[in-house]
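Following: one structure in structure tokens, then a few remarks.
Values in this text are rule-based calculations from the coordinates and carry no lab data. No experiment lies behind these values; they were computed from the predicted model shown. Every residue, glycine as well, gets a Cβ built from its backbone with ideal geometry; the counts of neighbours run over all protein chains shown.
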Amino acid sequence: MPEPLHTRAGDDRRGFLRKFCATVIGAVLGLVPVGAGLTVFLDPLRRKSGTSGWVRVAAFEALPNDGIPRKFPVLADRVDAWNKFYRMPVGAVYLRRTPEGRLEALNVVCPHAGGFVDYLPGPNCFLCPLHNSKFALDGTIADPSSPAPRGMDALEVEVRSDKAIWVKFQNFQSATAAKIPAA
Ligand code: FES
């Protein structure tokens, strides 16, 4: 006796649903390891490359208390997409120690357009050779005709128990009167 049509149609539907569910579950289960792998693979791209923060710059004895600025490189660990580099140059600072015991730190980058500021021993001031911005020893603008929109960027500085000078290193946006941390 032939099977009723409605029974065969029901079997076909159940078979299709079973296959469909198996396919969907298989696809989801297959995506889990792919997603986990991608997370591990792309993770380094999300890491920050430390170019700001407290950095040990120099031994305290390396800086005479004669009020003359000295330039020191800033070395820090950097992380790019997949590698870590130890003690790479990330910038430079001028440190100055006065006979009265004041300690000052200035970022060497000119706030006009990112040139590197020189210290001139003769006139005892700073000069950016790119467009001749002139700064006093404390970083303030010394010549009103200077194109720099603000003085040199002062940084937090302290002497720690390891007898070293630590600077909170940070770059700032150029061409703006406000001191805005660079991204
Ligand atoms: S970049 Fe220093 S004066 Fe222009």
Quiz item: Within the set of pairs 6+ apart or on separate chains, which have a first residue in region 114-125 that is surrounded by 11 or more Cβ atoms within 10 Å (Cβ to Cβ), a second that is aromatic (F, W, Y) and not in a loop (DSSP other than H, G, I, E, B), and C-beta atoms under 7 Å apart?
Solution: V117/F126; V117/F135; D118/F126; Y119/Y94; Y119/F126; C125/F135
Quiz item: Which of the residues spanning region 151-169 are in a loop (DSSP other than H, G, I, E, B) and either surrounded by fewer than 18 Cβ atoms within 10 Å (Cβ to Cβ) or among the aromatic types (F, W, Y) (or both)?
Solution: E156, R160, S161, D162, K163
Quiz prompt | Residue in region 86-102 that is surrounded by the most Cβ atoms within 10 Å (Cβ to Cβ), counting only those that are farther than 17 Å from G53 by Cα and out of contact with any helix residue (DSSP H, G or I) (no Cβ under 9 Å at 6 or more places or on another chain) | solution = R96
Quiz item: When residues of region 85-126 are filtered for being farther than 19 Å from T140 by Cβ and touching a strand residue (DSSP E or B) at 6+ places or on another chain (Cβ under 6 Å), how many remain?
Solution: 8
Quiz prompt | Selection status of P73, assigned to a loop (DSSP other than H, G, I, E, B) and either away from the ligand (no atom under 11 Å from the Cβ) or not aliphatic (A, V, I, L, M) (or both) | solution = no
Quiz item: What number of residues within region 71-120 satisfy the criterion of being of a type outside the set (G, A, S), within 18 Å of S174 (Cβ to Cβ) and touching a Phe, Trp or Tyr at 6+ places or on another chain (Cβ under 9 Å)?
Solution: 12
Quiz prompt | Options P99, P144, P123, P149: the member that is out of contact with any Gly (no Cβ under 8 Å at 6 or more places or on another chain) and away from the ligand (no atom under 14 Å from the Cβ) | solution = P123
Quiz item: Can you tell me which residue in region 102-120 is nearest to K179 (Cα to Cα), limited to those that are more than 16 Å from the ligand (Cβ to nearest atom) and more than 19 Å from the chain's Cα centre (by Cα)?
Solution: E104
